[in-house]
Amino acid sequence: STPQTFSDVGPSRTQTDEDIPSVAPGQDSLVVEDITANLVAVEAALAPLNRRIVTAHSGTEALARLLEEDFALVLLDVQMPKLDGFEVLELLDRSPVVVFVTAYDEYALRAFEVHALDYLLKPFSEERFRSVAGRIKSQLGRPRTTVHPLGSAIPPQPCAGSRGRAAPGRPPSR
């Protein structure tokens, strides 16, 4: 099957900023999409979140941007020339919040295996994007966890000055 373009997923003219949850300004987003019409549509949908949006048109360009800057959020296409979305993530030494945006449903399970926050199937509705936007806001408000290469999440460790207080959900060390 061929990728679908979606030019009507952005906020409608009657929609207000209050309709879509926003996140704190200054947390940058990277949108990676090789089809220009799709890139523009995803940017439009993401705009009400009040984030600085950086774009990339390929996996190679995305990797370069991710190595230059620490993005809080990455909206990532799966199938792209040279490097696909999964290969981009494999080459990173950190785990940003990732939402896959693709026309192919067969990669959904793999996306969640690499700890994607969500999987948007193109074309998507405003309602579906609002749901994802709420999850993005919630996730970015939490402390980041490090994902071990074998896939297990490791909660943040207490800092040296914590005097034996445990990290949330962990017993105090003795």
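Numbers below:
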{"quantity": "Count of region 51-72 residues which are part of a helix (DSSP H, G or I) and in contact with a Pro (Cβ under 6 Å, 6 or more places away or on another chain)", "calculated": "0"}
{"quantity": "In region 92-140, residue least open to solvent (accessible area, probe 1.4 Å) [restricted to those that are out of contact with any strand residue (DSSP E or B) (no Cβ under 8 Å at 6 or more places or on another chain), part of a helix (DSSP H, G or I) and of a type in the set (Asp, Glu)]", "calculated": "Glu126"}
{"quantity": "One residue from Asp84, Asp70 being under 14 Å from the mean Cα position of the chain (by Cα), of a type in the set (Asp, Glu) and either at negative phi or open to solvent by less than 20 Å² (accessible area, probe 1.4 Å) (or both)", "calculated": "Asp70"}
{"quantity": "Matching option when the condition is crowded, with 18+ Cβ neighbours inside 10 Å and in contact with a helix residue (DSSP H, G or I) (Cβ under 9 Å, 6 or more places away or on another chain), among Thr60, Thr55", "calculated": "Thr55"}
{"quantity": "Candidate set: region 40-50, residues that are in a helix (DSSP H, G or I) and open to solvent by 20 Å² or more (accessible area, probe 1.4 Å); chosen: the one farthest from Ser131 (Cα to Cα)", "calculated": "Val40"}
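The values are calculated or read from the model by the stated rules, or taken from the named source; none is laboratory data. Just so it is clear, the model here is predicted, and its values are computed rather than measured. Every residue, glycine among them, receives a Cβ derived from its backbone with ideal geometry; neighbour counts consider all protein chains shown. Just the protein is used for accessible areas: all its heavy atoms, side chains included, with ligands, DNA and RNA removed. Shrake-Rupley method; radii C 1.70, N 1.55, O 1.52, S 1.80 Å.
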